[in-house]
Each structure stands twice: as C-alpha cells, then as structure tokens.
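Here's the structure, in structure tokens; my notes come after.
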Amino acid sequence: MRTQVGIVGAGPAGLMLSHLLHLAGIDSIVIETRSRQYCEARVRAGLIEQWVINLLNATGVGARMRKEALFHDGIKLSFNDELHHIDFRKLVRRGVAIYGQQEIVKDLNARRLADGGPLLFEAEAVTIEDIEGTQPKIHFRHRGASQMIACDFVAGCDGFHGISRPSIGKVLTGFDREYPFGWLGILANAKPVDDELIYAYHERGFALFSVRSDHVVRYYLQCAPDEDAGKWSDDRIWSELGARLPEKARKRLKTGKITEKGVTAMRSFVCEPMQHGRLFLAGDSAHIVPPTGAKGMNLAFADVCVLSQALTQYYKSKRETLLKSYSATCLRRIWQGQRFSWWMTQMLHRFSSANDFDMRRQLAELDYVANSEAASKALAENYSGLPMDRFLTELRKAAPKRPAIRPWRIRHSLK
C-alpha cells in the first residue's frame, strides 16, 4: 500500500489527524491493533475544552455532541464543608463539555468511513522502519497476511504503551513523575449529585463527582496506587463518597448500581523531542497527565492540529518550516498543561508525607482560589482551555495567505 501519511493508532488523536488531513486533501491510512468495537467501547476521558468543542463543530463531526453532550459553565470546589462555584463563563467567557472519548471515537470512525478513509483494525506485529529516509514503512499483519504501507510520514498516535515511541527511544529524553496515590473510579446508574463537577478536598482524601448523563455518574476516590478495587464493596464506596462531600451536597447524593470500577495510577510524563526523521508522536504516545486537570485528550487534539497544519504546508509548498518546529510548538502547550495538572493535583490531594502545616496551606490555597477573582480566573482560563491562537500565531504567519483548506478558516473561532 502507498499513502502520504501512515497513522498508527485509531484513538481520538489518530482519527482526528486523519480527518483533518482528508479535509486538506491529504491521503492517510490508519492502522490499529485493537478492534473497532473495543475502541468505541473503552470509557476514558470525558471532558473537552471550549476550543475542542469549536473544532468538532467546525470540521463537521459535532452533530451528535451538540445533542448529547453536557455543557458546563464552571466547576465547584469543596473544602471546609462548603461548596464554592468557579464560573468560567463569567470569568473567561468559555465553558467545557462532558462528552466521552468513546463517543468522539464513534463519531470520527463513522465520518472517516463515510469519507472512504482506510481504517485497518486488528493489525498485528506492527513495526516502523526507515523513518530517517524519505519513505518510511509500516509493517504489520492483517487478516493473516503480511502487509506494508509505504508513506512520506508516520504519525505515532498509539498511546503510552504503543510501538511508536520505542521506535525512536534512543533519541528521546523522558521526564517523569509518579504520584503516591491513585483514583478508584466508578461508573454508576444514579442521578448526579450536582449540575456541575465537584472537586472535593477532604482530610480523608480527594474525591471527584463527575457526570456522564442525567442518569449515569462517574465518581472517583483518592486511594493507594496499588489498591485492590475488588476489596471495595458498593456500600463502602457510597459511604466514602458521602463522607468526602459537604453536608448540603451529601443530602443530594443518590446511590445506584455500580456498573464499573477500577483503580488508575497517577503519573506525569513527557518525552522530548516529539519527532525524529519522518516519525511524529502525538497524544499519549508523547505525554501523560494526571486526570485532575482534564487535559489528556485536549492536548492530543492540539498536537494533531499543529501536525496537520505542518503537513498541509509541506504538501502545498514543499516547505518544512512547520514540520521542523512541530515538537517545540507542541511542547510549549504540553508543559502548560502539565503545570496546571500538577497544580490541581497537589492542591486537592492528601499526600502521605504531609503534616498539619501542609493541610492548612492547601486549605489556604483553596480559599484564595475560591475567593480571589484573579485566582479564579487563572483556574478558569487553564481548565476551559488556553486559546489555540496563542500557540498558533507563528504557524499562521508561515502558512499560505490564501489556504485552500476551508476548515482552517475556523482558526479565529478556536478560542
């Protein structure tokens, strides 16, 4: 097979990149080791920033999101047995939406297949070769036969445990932080405790009260990173969730059947650079953030927006300016996302090494954030998504003055 861009991984990053390239008239082939059913059923991140909402709408894959997503104008912080509302819409004129990663994958899969985009699921023994030449190759087995894709570029969008990053591991530097706790997460059939997300700081540990619909909730409890979820009965989970809520909110907590539970370890990771030769990393293959800041999928979409613009410049003018600066451009935003995710994590969680001084310092910081307009605005700006324009200014200067790609006329709406 021959294509312009070979994409490894059919998650949100790989599918969105393929979609953006299609809109730009650039051919791609996406290969994925999992089945389509697995990719569309795997429950992962569920919060998207304002600019991503705009991106989905402007590129024609936002119809179902507009009907089914839950749009939020802020979040609530819980501490000292009180709730404090951080109003994003009032502070920064932006909001966020709850729309599961698996739903976005469904929408992008359907669109790529409708547009005739090659999606090859259940590929085996995937390897990437010749990335330092002008025609890298992706080798794999599909439906029992050996296959090879010759392409101009390879995009590694296959996640933290994929094969793309190890393919260039010898030239990468990793920056890593592991946290001394994890999240026990549940999915349950119950009425949400509130119409906004609640981030709860408590002496027993952090808790997050999120929502997936008007009858499905996604709740989390801080726990040990190696906690055995099987030792947590439903009654114990509901009791602990109630204990970490302020009294007024506790009265609104509704229990229900828990349909899923598991423990997620917390870590931060970034590799530099995100490119070598003709291979470009995007999304979780290059960086991981703790979920406290809700940045994972949003950073992945930012990566592929930058990469699609760089590839568009190359195929329209043969210039490699944006390709060469891809890593540096993405890493600036990634480290901003890492900083915010770390800040939210250290402010809201109880650390085993902390003493009474640390607890009172955290409470003072939460009090400042909740009651200072400047501090609330900083949280709102970061949580709802730093404007893409801030990171794409130089890209626009280098881009053709009259781009033929209609979807990129949405640049000024990515705010």
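The values are calculated or read from the model by the stated rules, or taken from the named source; none is laboratory data. Being a predicted model, the structure only gives us computed values, none of them experimental. As a convention, Cβ positions derive from the backbone with ideal geometry for all residues, glycine included, and neighbour counts pool all protein chains shown.
Among the residues of the stretch 159-199, those that are within 28 Å of residue 39 (Cβ to Cβ) and among the β-branched types (Val, Ile, Thr) comprise 163, 168, 186.
The lone criterion from (1) modelled with pLDDT of 95 or more; (2) over 18 Å from residue 50 (Cα atoms); (3) over 23 Å from the mean Cα position of the chain (by Cα) left unmet by residue 90 is number (2).
Among the conditions (1) surrounded by fewer than 21 Cβ atoms within 10 Å (Cβ to Cβ); (2) closer than 20 Å to residue 177 by Cα; (3) without any contact (Cβ under 8 Å) to a residue 60 or more places away in the chain, residue 340 misses just one, which is (1).
Among the residues of the stretch 198-210, write down those that are part of a strand (DSSP E or B) and touching a Ser or Thr at 6+ places or on another chain (Cβ under 9 Å). The answer is 198, 199, 200, 207, 208, 209.
Among residues of the stretch 216-232 that are crowded, with 18+ Cβ neighbours inside 10 Å, those with a Cβ under 8 angstrom from a residue that is of a type in the set (Phe, Trp, Tyr) and not in a strand (DSSP E or B), sequence gap 6+ or separate chain, pair up as 220/206; 221/206; 222/206. The residues listed here are 56, 23, 15; of these, the one that is surrounded by fewer than 19 Cβ atoms within 10 Å (Cβ to Cβ), within 30 Å of residue 126 (Cβ to Cβ) and aliphatic (A, V, I, L, M) is 23. Taking the listed residues 66, 42, the one that is among the basic types (Lys, Arg) and more than 17 Å from the chain's Cα centre (by Cα) is 66, with no other qualifying. Remark: residue 218 matches the filter, which requires a residue to be closer than 29 Å to residue 67 by Cα, part of a strand (DSSP E or B) and either of a type in the set (D, E, K, R) or more than 24 Å from the chain's Cα centre (by Cα) (or both). Counting only residues that are of a type in the set (D, E, K, R) and either within 23 Å of residue 28 (Cβ to Cβ) or surrounded by fewer than 24 Cβ atoms within 10 Å (Cβ to Cβ) (or both), the stretch 295-315 holds 1 of them.
Counting just the residues of the stretch 132-176 that are of a type in the set (D, E, K, R) and surrounded by 12 or more Cβ atoms within 10 Å (Cβ to Cβ), which one comes out farthest from residue 296 (Cα to Cα)? So, considering only residues that are of a type in the set (D, E, K, R) and surrounded by 12 or more Cβ atoms within 10 Å (Cβ to Cβ), the one farthest from residue 296 (Cα to Cα) is 141. Residues of the stretch 2-21 that are farther than 21 Å from residue 62 by Cβ, in a loop (DSSP other than H, G, I, E, B) and out of contact with any Leu (no Cβ under 9 Å at 6 or more places or on another chain): 3 alone.
Of the residues making up the stretch 343-375, those that are surrounded by 14 or more Cβ atoms within 10 Å (Cβ to Cβ), of a type outside the set (A, V, I, L, M, F, W, C) and touching a residue at least 24 places away in the same chain (Cβ under 8 Å) are 345, 349, 350, 362, 367. For the stretch 165-186, a tally of residues being out of contact with any Cys (no Cβ under 8 Å at 6 or more places or on another chain) and aromatic (Phe, Trp, Tyr) returns 1. When the residues of the stretch 239-271 are filtered to those that are touching a Pro at 6+ places or on another chain (Cβ under 9 Å) and among the hydrophobic types (A, V, I, L, M, F, W, C), the one that is surrounded by the fewest Cβ atoms within 10 Å (Cβ to Cβ) is 265. If you go through the stretch 139-197 and keep only what is in a helix (DSSP H, G or I) and of a type outside the set (D, E, K, R), you end up with 164, 166, 167, 169, 171.
One line per residue, one yes/no per condition, for (1) assigned to a loop (DSSP other than H, G, I, E, B); (2) closer than 30 Å to residue 154 by Cβ; (3) touching a residue at least 40 places away in the same chain (Cβ under 8 Å); (4) not hydroxyl-bearing (Ser, Thr, Tyr):
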{"residue": "238", "(1), (2), (3), (4)": "no, no, no, yes"}
{"residue": "245", "(1), (2), (3), (4)": "yes, no, yes, yes"}
{"residue": "252", "(1), (2), (3), (4)": "yes, no, yes, yes"}
{"residue": "259", "(1), (2), (3), (4)": "no, no, yes, no"}
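Considering the conditions (1) in contact with a Gly (Cβ under 9 Å, 6 or more places away or on another chain); (2) within 30 Å of residue 275 (Cβ to Cβ); (3) part of a helix (DSSP H, G or I), residue 131 is excluded by exactly one of them, (3). Looking only at the stretch 284-294, decide whether some residue is at pLDDT below 95, small (Gly, Ala, Ser) and crowded, with 17+ Cβ neighbours inside 10 Å. Scanning the stretch 284-294, I find at least one residue that is at pLDDT below 95, small (Gly, Ala, Ser) and crowded, with 17+ Cβ neighbours inside 10 Å, so the answer is yes. Could you tell me which residue of the stretch 344-372 is modelled with the highest pLDDT, considering only residues that are outside any helix (DSSP H, G or I) and small (Gly, Ala, Ser)? Result: 372.
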